[in-house]
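The values are calculated or read from the model by the stated rules, or taken from the named source; none is laboratory data. These numbers were taken from a predicted model, which means no experiment stands behind them. Cβ atoms come from the backbone with ideal geometry, glycine included; neighbour counts cover every protein chain shown. Just the protein is used for accessible areas: all its heavy atoms, side chains included, with ligands, DNA and RNA removed. Shrake-Rupley method; radii C 1.70, N 1.55, O 1.52, S 1.80 Å.
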Amino acid sequence: MTGLSGSASSGPTAPVPPSPAGSGTTGADTTSPDTTGADTTSPDTTGPDTTGPGTTPSGTARSGKARPAGYSVLRAGRGSFLVHRRSALVAAALAALLAAAVVASLCVGESFVAPREVVRVLLGLPSPDELVVGTLRLPRLVTGLLVGAAFGVSGALIQTMARNPLASPDVIGVTHGAGAATVAAMTFGLTSYTALTYVSVGGGLATALLVYLFAWRGGLAPSRFVLVGIGISVALASLTRLFVTRGDYLVAQQAKVWLTGSLNGRGYDHAAPLATALLLLAPFLLWAARAQRGAAFDDDTATALGVRLDRTRLGLSALGVVLASVATGAAGPVDFVALLAPQIARRLTRTPHTPLLCSALTGALIVVVADLLARRLLSPTELPVGVFTALVGAPYLMWLIVRTRSSRSGGTA
């Protein structure tokens with residue numbers, strides 16, 4: 001019966017040629033198609049019950065590629081994207097906190113403005129407080145938002161490139177290079193905000209190139225990259241002080257406030273170059289958000305995955321340097337924002353790589369809150385925003401250094 005059912009299920013078969021003499025076979029019965037060949041893999045033995053239309057031959061669900069844990073598929077038209085659920089929730093929470101900080105910053109000042117009137121001004125509706133909110137406070141706030149976002153993304157890119165949480169633009173000397181170039185231009189009489197922005201970008205790029213050249217020894221070791229950057233930043237700080245002493249009194253005072261990092265007197269003319277840079281770099285930032293996932297692995301793993309490390313690191317570092325330099329030209333070197341924002345974002349999202357969107361939102365939130373405290377904590381005296389970011393960032397930097405040393409010496413990471 002088994003043989004009959006097997007031949008019926010397998011359909012007509014070709015005649016089996018006789019075995020050659022001396023082959024050791026025992027006749028056609030032992031080599032018939034009823035016991036070998038198609039019978040062992042016939043549809044009757046593996047049948048539609050185990051390999052139905054919804055499963056693969058191995059019995060697994062035919063649902064495309066495996067989805068990583070914690071991710072959801074977001075479909076937009078013909079395309080689909082993997083979205084990390086926790087990162088999306090953290091980004092939404094940061095956006096809500098940032099919106100609250102924006103309204104609070106526009107409400108508080110020498111005269112208090114009701115939140116309702118602030119919202120009306122933001123929506124473009126007529127309001128009696130349009131002059132105070134829309135003309136005096138909003139341009140400064142927009143500059144702070146863009147500066148914080150640029151520093152947050154810049155820190156995330158550079159830390160990913162160097163695989164080191166200490167490798168922020170202000171620690172490795174990028175902002176110091178931009179500051180030194182800008183102060184030198186101010187000392188020699190250059191006062192155009194647009195021109196100073198280009199000078200700042202040039203100084204930051206030149207400093208990054210210098211650090212890259214000195215740190216390269218057949219490869220880019222993260223520890224050597226950070227140490228070379230710290231050394232160059234110290235030298236540039238001394239050069240900046242030299243330029244300040246050579247300028248007249250007014251230029252020296254303006255340079256000192258600018259070097260601390262301040263949003264005082266900032267307007268749309270300061271924010272425009274930074275907004276333009278962010279818009280132009282948006283397509284490259286989308287590439288960086290994907291490229292940094294492969295660059296975050298060690299060299300052997302990244303190479304095995306097909307990542308071109310040299311090109312990826314060069315692209316990530318170039319984007320980070322440009323963003324940090326333009327932000328420095330807009331508000332001065334606001335220290336430790338680029339160091340704090342990516343690490344806070346990464347700890348909140350718990351992702352193996354640093355999320356760029358959450359880093360941007362965190363950096364903007366830090367700058368807006370720090371500026372609000374700088375304006376009102378010691379009122380009527382107004383402090384530079386960089387003072388408050390340094391008060392938080394300096395202790396964090398020391399803790400991070402101690403933590404890194406203890407992990408390398410055998411402590412817990």
* Once you have the Cα-Cα distance between residue 131 and residue 227, take 0.36 nm times their residue separation minus that, and quote the gain in nm to one decimal. => 29.7 nm
* Cβ crowding within 10 Å averaged over residues, with 110-116, 197-203, 256-262 ranked highest first -> 197-203, 256-262, 110-116
* Structure fact -> Sorted by chain and then number, the residues having a modelled amide H within less than 5 Å of the amide H of residue 216, at least 5 places away or on another chain, are none
* Asked: Put 207, 381 in order of accessible area, largest first, 1.4 Å probe: what do you get?
  -> 381, 207
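Below 12 angstrom from the Cβ of residue 167, what's the summed charge of the other residues (Lys, Arg +1; Asp, Glu -1)? Working shown, then result.
Details: positive: 163, 224, 313; negative: 170.
Its environment carries a net charge of +2.
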* By how many nm would the segment from residue 76 to residue 376 grow when fully extended, if each residue of separation counts as 0.36 nm and the alpha-carbon distance is taken off? -> 103.5 nm
* Asked: Restricting attention to the alpha-carbon atoms of the range 109-223, what are Rg (one decimal) and Dmax (integer), both in Å?
  -> 19.9, 64
* Base-10 log of normalised Debye intensity for the range 199-304 (one unit scatterer per alpha-carbon) at q = 0.14, 0.15, 0.16, 0.22 Å⁻¹ -> -0.88, -0.98, -1.06, -1.26
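Sort 290, 376 by accessible area with a 1.4 Å probe, largest first.
On the way: 290 185, 376 85 Å².
Output order, biggest surface exposure first: 290, 376.
I need the calculated FRET efficiency for the pair residue 250 and residue 310, taking r as the beta carbon distance and R₀ as 45 Å, to the nearest 0.05.
On the way: r = 46 Å, r/R0 = 1.03.
E(calc), rounded to 0.05, equals 0.45.
Taking K and R as +1 and D and E as -1, what net charge do the other residues with C-beta under 12 Å from the C-beta of residue 138 add up to?
Values: positive: 137, 140, 266; negative: 129, 130.
That sum, taken over residues with Cβ under 12 Å, equals +1.
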* Structure fact -> One checks the Cα atoms of the range 175-226 and finds Rg and Dmax, in Å, of 13.8, 42
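Under 37 °C and 0.692 mPa s, how fast does the range 234-273 diffuse according to Stokes-Einstein, given a Kirkwood radius computed over C-alpha pairs? Answer in µm²/s, whole number.
On the way: Rh = 11.4 Å.
Value of D from the Cα-based Kirkwood radius: 287 µm²/s.
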* Rounded, prolate or oblate: which fits the range 354-401 when a ≥ b ≥ c are the square roots of the eigenvalues of the alpha-carbon gyration tensor, with rounded for a/c under 1.5 and prolate only if a/b beats b/c? -> oblate
* Structure fact -> Charge tally for neighbours of residue 342 with beta carbon under 13 Å away, counting Lys, Arg as +1 and Asp, Glu as -1, is +2
* Asked: Over the range 328-399, what percent of the accessible surface lies on carbon and sulfur atoms, probe 1.4 Å?
  -> 73
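Looking at the range 310-374, which trypsin sites (Lys or Arg not before Pro) are in a loop (DSSP not H, G, I, E or B) and have at most 14 other Cβ atoms within 10 Å?
On the way: sites: 311, 313, 346, 347, 350; in loops: 350.
For trypsin sites (Lys or Arg not before Pro) across the range 310-374 that sit outside H, G, I, E and B with at most 14 neighbouring Cβ atoms in 10 Å, the list reads 350.
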